[in-house]
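What follows is a single structure, written as C-alpha cells, with notes after it.
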Amino acid sequence: MSKQYSIASFPLVLAMLFFLITSCQFSKGVKKDLNTGLSASYNGLTIDDIFLADENGNKLSQNKVKLGAKIQVVATGVDYFTEKDGKVFPGCQIILTDNAKAELLNLPDAFADMANGTTAAQAKTLQASLNTGQPMVSGATYHLVVKFYDKQNKEKTISSNVDIVMQD
C-alpha cells in the first residue's frame, strides 16, 4: 500500500527545507590562483579571495620572486571568527621549507602581538609577510605554507601553500 501526500503539505516541506539550508553556515571550500600556483582551503572561516602579493599589496602574476623582496599572502573577506567581548583573535602560522623539505622558518604565530584581539572588521583582511634572503639562494624553489586560524576555535582555519622561485 502506498502513502499519498496531500499537495497542502508541500509548502510545509519547502519551508522546513529552506530553514535547514539557511540555518547552517557552510564555510568550507578551496581556491586556486592559476597564475602563481597558490592554493588554499578554508574550514569554519570564509574568504572572498586569497593571493600572493608584493610588499605594497599588489597581486603577483607569477611565483617568481626577486631574492631580497618582501612578499605576502593576503586573504580578503575573512569572516566567521569566534567573537569574545566584541573582539576576534586571529592567528597566523608561517612555514618555509626548501626542496629537501628542510625548514628554514617555522613561525607558530606571526600575530602574537594581537593578544588582546582586534575587531571583526579589521580581521576581514589578513596578511602574512615573508622577507626573502639568506639562506635562500637564487634559482632555488621554496615551499611557503601560511595558515590563518581562530585562536578561540583552532578548527576554524584558512590554509594556503605555494612554491616560490627565487630570482636575481
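The values are calculated or read from the model by the stated rules, or taken from the named source; none is laboratory data. Values in this document were obtained by computation on a predicted structure and should not be read as measured data. As a convention, Cβ positions derive from the backbone with ideal geometry for all residues, glycine included, and neighbour counts pool all protein chains shown.
Considering only residues in segment 115-130 that are out of contact with any Gly (no Cβ under 8 Å at 6 or more places or on another chain) and under 16 Å from Ile94 (Cα atoms), the one that is surrounded by the most Cβ atoms within 10 Å (Cβ to Cβ) turns out to be Leu126. The set of residues in segment 151-161 that are of a type outside the set (Gly, Ala, Ser) and part of a strand (DSSP E or B) comprises Asn153, Lys154, Glu155, Lys156, Thr157, Ile158, Asn161. If the condition is being more than 22 Å from Leu38 (Cα to Cα), modelled with pLDDT of 95 or more and either exposed (fewer than 14 other Cβ atoms within 10 Å of the Cβ) or within 16 Å of the chain's Cα centre (by Cα) (or both), then segment 147-168 contributes Lys151, Asn153. Among the criteria (1) modelled with pLDDT under 95; (2) farther than 30 Å from Gln167 by Cα; (3) surrounded by fewer than 18 Cβ atoms within 10 Å (Cβ to Cβ), the one Lys84 does not fulfil is (1). Of the residues making up segment 116-161, those that are of a type in the set (Lys, Arg) and farther than 14 Å from Ile50 by Cα are Lys151, Lys154, Lys156.
Take the conditions of a type in the set (Ser, Thr, Tyr) and farther than 14 Å from Asp163 by Cβ and apply them to Ser27. Does it pass? The answer is yes for Ser27.
Residues in segment 54-63 that are surrounded by 15 or more Cβ atoms within 10 Å (Cβ to Cβ) and in contact (Cβ under 8 Å) with a residue 40 or more places away in the chain: Asn63 only. Screening Gln93 against (1) more than 13 Å from Ser160 (Cβ to Cβ); (2) crowded, with 16+ Cβ neighbours inside 10 Å; (3) not hydroxyl-bearing (Ser, Thr, Tyr) leaves a single unmet condition, (1).
The number of residues in segment 55-98 being in contact with a His (Cβ under 8 Å, 6 or more places away or on another chain) and among the hydroxyl-bearing types (Ser, Thr, Tyr) comes to 1.
Take segment 36-63 and flag every residue that is part of a loop (DSSP other than H, G, I, E, B), closer than 23 Å to Pro135 by Cα and among the charged types (D, E, K, R). Correct list: Glu55 only. Restricting Leu107, Leu126 to those that are of a type in the set (A, V, I, L, M), touching a Pro at 6+ places or on another chain (Cβ under 8 Å) and within 22 Å of Ile164 (Cβ to Cβ) reduces the list to Leu126. In this structure, does Phe148 turn out to be touching a strand residue (DSSP E or B) at 6+ places or on another chain (Cβ under 9 Å), in a loop (DSSP other than H, G, I, E, B) and in contact (Cβ under 8 Å) with a residue 60 or more places away in the chain? Spelling it out, it is not the case that Phe148 is touching a strand residue (DSSP E or B) at 6+ places or on another chain (Cβ under 9 Å), in a loop (DSSP other than H, G, I, E, B) and in contact (Cβ under 8 Å) with a residue 60 or more places away in the chain.
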